[in-house]
Amino acid sequence: MDEEKLEEIISKYDIESGKLLGILEDIQRVEGYLPKDSLIYVSKRLNVPLSRLYSLATFYSFFNLQPVGKHIITVCMGTACHVKGAPHILETIEGLLGISPGETTPDGKFMLTTSDRQFTVNTARCFGACSMAPVIRVDGKIYGYNTPKKVAEILKEYGWRGSK
Amino acid sequence: MKIRRFEDLENVRKAGIKKLLPDKPRVAVGLATCGIAAGGQDVYEALEAALKKKGVNAFLTKTGCFGICSEEPLVNIVMPGKPLVILHKVQKEEVDLIVEKVAKGELPEEKVLCKIEEWDHLTLDKPLYYGRGYKNIPLWNEISYFKPQKKVVLRNAGIINPEDIEEYIAVGGYSAAYKALTEMSPDEIVEEVKKSGLRGRGGAGFPTGLKWEFTKKEDSNIKYVICNADEGDPGAYMNRNEMESDPHMIIEGMLIGAYAIGATEGYIYVRAEYPLAIERLKLAIKQAKEYGLLGKHIFGTGFSFDIRIVAGAGAFVCGEETALIASIEGKPGRPRPRPPFPAQKGLWGKPTNINNVETWCNIAPIIKKGGEWFSRIGVEKNTGTKVFSLVGKVKRTGLVEVPLGTPIREIVYTAGGGSATGKKVKAVQTGGPSGGCIPENLFDLPVDYDHLASAGSIMGSGGMVVMDEDTCMVDTARYFLGFTLDESCGKCVPCREGTKRMYDILEKITKGQGTEEDLLTLEELAETVKATSLCGLGQTAPNPVISTIRYFKDEYTKHIKDKVCPARVCRALIDYFIVPDKCRGCTICMKSCPVDAIDGGPGLIHIIDQTKCIACGTCMDVCPFDAVIKLSGEKIETPDKPIPIKKGR
């Protein structure tokens, strides 16, 4: 992220409460992840040790340190989704996109990207749309009442062309 | 305009009433996250286009969620002088028909769910009157979903536009704050809240008035109030809906609380998974500032107060007060030992009062109608209502607000309509990862803080997940321990190591490798983690294990002794078979199997090689003839190799 944009984000926070998390969230909202260069800039600019920013980025599950694919698919793993088959939905998506199940990224978070960088799959604790479990979210849009068949249809909307 | 005097508030109220009861049809689409996901946004846009195209003079607007989420998208229609009518499961293809009817002053009868003739917003002197009529349409509370309900927190949700402060003021919004700031002393307010008996709605149930008093007593020129909107329990979404459907009630509650306590700054800590809630709260704060309801010299008094939003970043432990405070200060959210309590040393070391979203939602009606009125709702020591998110294997899902003390049975069966699948309801899980599973035979238990605790669960923030015979209780315990294991902040040993060890044992049992000794170790660990963890996360993490062992020990025994998962969930204990009589030899399952475990061919009966099968269930999903079955501890007769299907079948 360029300096001008980073300055613009930093300038929005005039008090200490909520400042660091807010800045990191804003950067990620634009970039999809937290680029190392941006973290170094924020660290120097605010005189906050880089290690502290790293500890925030790894403590909070919202942040990720790796670039993401064009489309982000988030599978909700909340209780209602779990009892209605969320693990199977996740597995189906992994299977369709050719991502090996059970893998995690080096920082220990679950965040997997297809080799053509079109899709990133991750999971969420619960996005509070439990009435229509199991739920997935693609690029901010929520889809409810999923079945293995339905997720294949949803992936097609985002340019997935089928496996095998 | 700035509201200073009572007349100013009245003028805005009158302007708002014209929007709620316009002299032309009012059409409002339910657009909370749940409504949007169900297709509400598409319906809204289609309505906009159709009204324009057909030249119909109507007032199109949006509202929050009326609570019956499984019937969404919901659309409200108010014809001048007639009852408000709620349409359900509205699809965008049906919009043309709806608009045609509205143009003629008629209703699309087949889409009607119920009607509202008058509505008590609680903060108005008398209920808002729409009109009588439509004899054949049931009243809202004649629908079984709403029968046991009483709307106090959700008094405006699904009726007013959450993005318009004038509509909130129209139904008496900010009149309680006016009363508090201009007619009451801080002591009187605290007294009123104490009298109401309101207990914290975040889960622990600490008396709110007492909590306020602790912070109020502290001598400090800077004090803070915080709204805990880090709704982290999976399966619970009341707070999301309260913020999205009626954000001003939270601001008004905080304003009253801040005045009583002597705080000048407030924060709403919202989890990042709720972007729409954040957007609507930001807009509501902006509007409140424009109207002078936040900022300097509110209502022309000497009191000044401001609120800011802090977005959390996905850490369950931040629901704990001291972790939440650390998070706002820009640190990882790790709890610290108490005392000192936040009331003495909170945010930036200053006295701080933290309440859950729903606690704040109750404040305005308590001030408006009195603590005495509130204390008459519910049962002794458990006054008022509680909103539950009724989800899982239940027919009607959504938010159910009932007086405390309502039996579980009424919530699950009367409101929820019982099982969604036709299978028997087995249990209900309350309180999220800190709670427990209550078996069906205890469903006469009144839902309140004390009865739930005695049954080994907790009230928690209000999640209620219904489970049926297809839900494995050992898997459920493993699921929750997996959750707390991941979310443990790692600071104290019992929680960090204990949850991991408990998870490992549960995983071993679900894999059919558990021993009876494991079960004893599990129980011992559970007691230790509960007794010795630093904060609420660890202290309550064993609850799902303890409660499932208490009520469903036979399921554990079956996994351990017989290597059987009665609900057929635990993958290592289930086998898939193709029923020879049902297979039509279409080859779809064979082609879909990710590990090539299926042998067959066109016209042949397919068989699964159990040594290769990973029990993923893909064959069952794709079979067009329901020929694949799932068993645990049982077998069916299948041919040794694929053989031709008998002709004439």
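The values are calculated or read from the model by the stated rules, or taken from the named source; none is laboratory data. These figures come from a predicted structure and were not determined experimentally. All Cβ positions, even for glycine, are placed from backbone atoms using ideal geometry, and neighbour counts span all protein chains on display. These accessible areas exclude ligands, DNA and RNA; they are computed on the full protein's heavy atoms, side chains included. Shrake-Rupley method; radii C 1.70, N 1.55, O 1.52, S 1.80 Å.
The set of residues from the stretch B:379-398 being facing chain A (nearest Cβ under 10 Å) and not in a strand (DSSP E or B) comprises B:Lys393, B:Arg396, B:Thr397.
Scan the stretch B:141-164 and report the pairs whose first residue is farther than 18 Å from B:Ile408 by Cα and in the same structural domain as B:Ile116 (by TED's automatic domain parsing) and whose second residue is of a type in the set (D, E, K, R) and surrounded by fewer than 21 Cβ atoms within 10 Å (Cβ to Cβ), with Cβ atoms within less than 7 Å and a gap of 6+ or a chain change. Close Cβ pairs (under 7 Å, with a partner that is of a type in the set (D, E, K, R) and surrounded by fewer than 21 Cβ atoms within 10 Å (Cβ to Cβ)) amount to B:Asn141/B:Lys147. Pairs are defined by a Cβ separation below 7 Å, a sequence spacing of at least 6 or placement on different chains, a first member in the stretch B:406-422 that is in a loop (DSSP other than H, G, I, E, B), and a second member that is among the aromatic types (Phe, Trp, Tyr) and open to solvent by 40 Å² or more (accessible area, probe 1.4 Å); no pair meets this definition. Within the stretch B:45-62, restricting attention to residues that are assigned to a loop (DSSP other than H, G, I, E, B) and hydrophobic (A, V, I, L, M, F, W, C), the residue that is farthest from the chain's Cα centre (by Cα) is B:Val56. Pairs are defined by a Cβ separation below 6 Å, a sequence spacing of at least 6 or placement on different chains, a first member in the stretch B:370-384 that is closer than 19 Å to B:Asp125 by Cα, and a second member that is among the hydrophobic types (A, V, I, L, M, F, W, C); the pairs so defined are B:Phe374/B:Ile366. Every condition in (1) touching a helix residue (DSSP H, G or I) at 6+ places or on another chain (Cβ under 7 Å); (2) surrounded by fewer than 24 Cβ atoms within 10 Å (Cβ to Cβ); (3) closer than 21 Å to B:Ile3 by Cα holds for B:Glu213 except the one numbered (3). Out of everything in the stretch B:34-44 that is open to solvent by 20 Å² or more (accessible area, probe 1.4 Å) and part of a helix (DSSP H, G or I), what residue ends up being farthest from the other protein chains (Cβ to nearest Cβ)? Per the stated criteria, the residue is B:Tyr44.
Taking first residues from the stretch A:50-62 that are under 13 Å from B:Cys489 (Cβ atoms) and facing another protein chain (nearest Cβ under 7 Å) and partners that are open to solvent by less than 40 Å² (accessible area, probe 1.4 Å) and among the basic types (Lys, Arg), the Cβ contacts under 8 Å between residues at least 6 apart in sequence or on separate chains come to A:Ser61/A:Lys109.
Scanning the stretch B:587-635 for residues that are within 13 Å of chain A (Cβ to nearest Cβ), among the acidic types (Asp, Glu) and out of contact with any Ser or Thr (no Cβ under 9 Å at 6 or more places or on another chain) turns up just one, B:Asp596.
All of B:Gly300, B:Gly319, B:Gly330 fail the test of being without any contact (Cβ under 8 Å) to a residue 40 or more places away in the chain and not assigned by TED's automatic domain parsing to the domain that holds B:Lys126, apart from B:Gly330.
Would you confirm whether or not the stretch B:6-14 contains a residue that is surrounded by fewer than 21 Cβ atoms within 10 Å (Cβ to Cβ), within 14 Å of chain A (Cβ to nearest Cβ) and in a helix (DSSP H, G or I)? Checked the stretch B:6-14: no residue is surrounded by fewer than 21 Cβ atoms within 10 Å (Cβ to Cβ), within 14 Å of chain A (Cβ to nearest Cβ) and in a helix (DSSP H, G or I).
Residue by residue, here is whether (1) surrounded by fewer than 22 Cβ atoms within 10 Å (Cβ to Cβ); (2) at pLDDT 95 or above; (3) under 23 Å from B:Tyr129 (Cβ atoms) holds:
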site: B:Lys2; (1), (2), (3): yes, no, no
site: B:Lys18; (1), (2), (3): yes, yes, yes
site: B:Ala32; (1), (2), (3): no, yes, no
site: B:Ala50; (1), (2), (3): yes, yes, no
site: B:Cys65; (1), (2), (3): no, yes, no
site: B:Ile77; (1), (2), (3): no, yes, yes
site: B:Gly81; (1), (2), (3): yes, yes, yes
site: B:Gly105; (1), (2), (3): yes, no, yes
site: B:Val112; (1), (2), (3): yes, yes, yes
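For (1) crowded, with 20+ Cβ neighbours inside 10 Å; (2) touching a helix residue (DSSP H, G or I) at 6+ places or on another chain (Cβ under 7 Å), each residue gets a yes or a no:
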{"residue": "B:Ser434", "(1), (2)": "yes, yes"}
{"residue": "B:Asp444", "(1), (2)": "no, yes"}
{"residue": "B:Thr471", "(1), (2)": "yes, yes"}
{"residue": "B:Asp486", "(1), (2)": "no, no"}
{"residue": "B:Cys489", "(1), (2)": "yes, yes"}
{"residue": "B:Val493", "(1), (2)": "no, no"}
{"residue": "B:Arg496", "(1), (2)": "no, no"}
{"residue": "B:Lys508", "(1), (2)": "no, yes"}
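Consider the stretch B:607-645. How many of its residues are open to solvent by 60 Å² or more (accessible area, probe 1.4 Å), in a loop (DSSP other than H, G, I, E, B) and not acidic (Asp, Glu)? Here the count works out to 10.
Of all positions in the stretch A:122-131, at least one carries a residue that is at the interface with chain B (Cβ under 8 Å from one of its Cβ atoms), over 15 Å from B:Arg271 (Cβ atoms) and assigned to a helix (DSSP H, G or I).
In the set (1) open to solvent by less than 40 Å² (accessible area, probe 1.4 Å); (2) closer than 19 Å to A:Met132 by Cα; (3) more than 14 Å from every other protein chain (Cβ to nearest Cβ), B:Val402 fails one condition alone, (2). Checked against the criterion of being buried (at least 20 other Cβ atoms within 10 Å of the Cβ), touching a residue at least 40 places away in the same chain (Cβ under 8 Å) and over 30 Å from B:Lys646 (Cα atoms), the stretch B:514-523 contains one or more residues that satisfy it. Please tell me if B:Gly490 is closer than 23 Å to B:Glu469 by Cα and part of a loop (DSSP other than H, G, I, E, B). No; evaluated as a whole, the condition is false for this residue. When B:Arg201 is evaluated against the numbered criteria (1) surrounded by 21 or more Cβ atoms within 10 Å (Cβ to Cβ); (2) part of a helix (DSSP H, G or I), which criterion, by number, is the only one it fails? For B:Arg201, the exception is condition (2). On the stretch given as the stretch A:30-47, residues that are within 14 Å of chain B (Cβ to nearest Cβ) and exposed (fewer than 12 other Cβ atoms within 10 Å of the Cβ) total 1. Taking the numbered list (1) touching a Pro at 6+ places or on another chain (Cβ under 8 Å); (2) under 19 Å from B:Ala453 (Cβ atoms); (3) not hydrophobic (A, V, I, L, M, F, W, C) in turn, B:Lys426 passes all entries but (2). Mind checking whether some residue in the stretch B:178-185 is in contact with a Phe, Trp or Tyr (Cβ under 9 Å, 6 or more places away or on another chain), outside the structural domain of B:Lys286 (by TED's automatic domain parsing) and either of a type outside the set (Val, Ile, Thr) or open to solvent by 50 Å² or more (accessible area, probe 1.4 Å) (or both)? Taking every residue of the stretch B:178-185 in turn, none turns out to be in contact with a Phe, Trp or Tyr (Cβ under 9 Å, 6 or more places away or on another chain), outside the structural domain of B:Lys286 (by TED's automatic domain parsing) and either of a type outside the set (Val, Ile, Thr) or open to solvent by 50 Å² or more (accessible area, probe 1.4 Å) (or both).
Among the residues making up the stretch B:266-291, a single one is within 11 Å of chain A (Cβ to nearest Cβ) and over 22 Å from the mean Cα position of the chain (by Cα): B:Gly266.
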